[in-house]
Amino acid sequence: MKLLAPLIPFSLVLAICGVCTAQPKQSPARSNRQNTSAEDSKTVARIDRFVREEMRKYKIPGVSLAVLRHGKISILRSYGVANVELAVPVKPETIFQSGSIGKQFTAAAVMILVQEGKLALDDRISKHLPDTPETWKDITIGNLLTHTSGMGDYPEELNLRRDYTEDEYLAVFKKAPLNFAPGAKWDYSNVGYVILGILISKVTGNFYGEFLREKVFGPLGMSTARVISEADIVPNRAAGYRLVNGELKNQEWVSPSTNSTADGSYYFSILDLAKWDAGLTSDAAAAGKGQKVFTRSTLEQIWTPVRLSNGQVKGYGFGWFTDTTHNRRMVFHGGAWQGFKSYIIRFLDEQLTIIFLANSWNTNDFKLARGLASIFHPEFALPAKEAIANPETKVTSLVRRVLLQLANDKLDPSVFTPGLQAELTPAQVRKLGETINTLSLPVAAIHLAELIERRDEGGLRTLTYVLADIGHTLVCTVSVTSDDKIARIEVLQK
């Protein structure tokens, strides 16, 4: 049942993209909106150069992009192809999969129910879900929204190619132990948002996607936004891709139920997301028909960082990361799922929003988002050193595993030389972990870490990696022995 395509040389895709990005005459809905000023034209040219170069480097078939100011589209661009096999160009109406930027919509549905008095953030989820285990007794709706429930990611026994009912999903999740007491720590949890979707269905009596259509998508005029369905006919639907040994293949197949959970299973066009941004921009988030999605106080709650039980603050609200970097307040989120990547950044004080949708799993979404942000705010500039060819794939996998362990305070010392094991004190290990956790989403940044330097010295191979998110840059340097044991590790914030 796995959907496969023949291997497609990327040179063919580049040839197609060269035609598609020329942007022929378009209807008003597809206008590139670049005939406003010489300054705007220069900005568009810089965006075009940067995006096309990223598409070339990472072999991305297609990208849809919008820049909005005060809730209105300022720049709207389409690049490459939505479907390689059919040579269909991307256009503003092209439908992409959301990935985890969809979490803000699941959170929106919950907050509408809170506004309506049907839920409360401090409700124990056991109030709304049947037969919850004793370990869940202190988990609140607020914990699920902020990734502080103690639930991890999908349990290993969950088969993404099998269909589950909502009750069957819950049965699997109930068996998994919590990683920590609710509210004690922060750990990104797709499971928490899947449960929120189930909870919305239990409270409203309708599928969470139908509730969103009625309360958000319809009022805001997001006419093509919906939960994923591979069975339905969906006009302008893009295909998702991944690279295997440098060649394009179609996205991997998952079951229909896996593609309908509330952790990020949405279809959106860039025009849908532009209407969402407009709905969030006004004081009351007024919709096009005069209806209100959120009150001002609700929106402030959504963008307030969560405070842990130990008093520490993590930059995550309800479906949005939050941060102040270079004295600029921003909220943002990325998405990655089934051959698609996405990102949305809102600079709150400037009311500037940047959104992109891409149809390749290999898109470096942090780099693309940050590079676009730096065009408007140069202080967000990407690290100067470019990635180099990486022959050290085994060591790179080891480094990523160690960085993840450090971030989660679960280090396996056997990967280090005896000398480094003796030198690393618990305080040093803790400091390394704290440095890594300055990243908004360490697991994603670590996965996207790029090698920027390699040298041989003193019988060791020394490799330097850059880890970057939207506002932070870490440089990790490791020295490894001939038998791939780590003899030195350093993680610095730049």
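The values are calculated or read from the model by the stated rules, or taken from the named source; none is laboratory data. Given the structure is predicted, the values throughout are model-derived calculations rather than measurements. Cβ coordinates were reconstructed from backbone atoms using ideal geometry, including for glycine residues, and neighbour counts include every protein chain displayed.
Report yes if some residue within the stretch 41-56 is part of a loop (DSSP other than H, G, I, E, B) and either under 25 Å from R226 (Cα atoms) or of a type outside the set (V, I, T) (or both); otherwise report no. Taking every residue of the stretch 41-56 in turn, none turns out to be part of a loop (DSSP other than H, G, I, E, B) and either under 25 Å from R226 (Cα atoms) or of a type outside the set (V, I, T) (or both). Checked against the criterion of being charged (D, E, K, R) and crowded, with 21+ Cβ neighbours inside 10 Å, the candidates R77, R124, R49, R56 yield just one match: R77.
Of the residues that make up the stretch 400-408, is at least one at pLDDT below 95, surrounded by 12 or more Cβ atoms within 10 Å (Cβ to Cβ) and among the small types (G, A, S)? Yes: the stretch 400-408 contains one or more residues that are at pLDDT below 95, surrounded by 12 or more Cβ atoms within 10 Å (Cβ to Cβ) and among the small types (G, A, S). Screening the stretch 80-101 for residues that are assigned to a loop (DSSP other than H, G, I, E, B) and of a type in the set (A, V, I, L, M) and picking the one that is surrounded by the most Cβ atoms within 10 Å (Cβ to Cβ) gives V90.
Restricting attention to the stretch 317-337, does a residue exist that is surrounded by 19 or more Cβ atoms within 10 Å (Cβ to Cβ), among the basic types (K, R), part of a strand (DSSP E or B) and in contact with a Phe, Trp or Tyr (Cβ under 8 Å, 6 or more places away or on another chain)? For the stretch 317-337, residues surrounded by 19 or more Cβ atoms within 10 Å (Cβ to Cβ), among the basic types (K, R), part of a strand (DSSP E or B) and in contact with a Phe, Trp or Tyr (Cβ under 8 Å, 6 or more places away or on another chain): absent.
Here is the figure for the stretch 171-183: residues that are under 24 Å from the mean Cα position of the chain (by Cα) and in a helix (DSSP H, G or I) total 1.
Just one of the numbered conditions (1) touching a Ser or Thr at 6+ places or on another chain (Cβ under 6 Å); (2) free of Cβ contacts under 8 Å to residues at least 40 places away in the same chain is not true of A171: (1). How many residues are in a helix (DSSP H, G or I) and either crowded, with 17+ Cβ neighbours inside 10 Å or in contact with a Lys or Arg (Cβ under 8 Å, 6 or more places away or on another chain) (or both) if we restrict to the stretch 205-244? Residues meeting the conditions: 10. Quick check on the stretch 140-161. Is at least one of its residues in a helix (DSSP H, G or I), in contact (Cβ under 8 Å) with a residue 24 or more places away in the chain and more than 25 Å from the chain's Cα centre (by Cα)? No, the conditions are met nowhere in the stretch 140-161. Answer with yes or no whether I388 is surrounded by fewer than 17 Cβ atoms within 10 Å (Cβ to Cβ) and of a type in the set (V, I, T). The answer is yes for I388.
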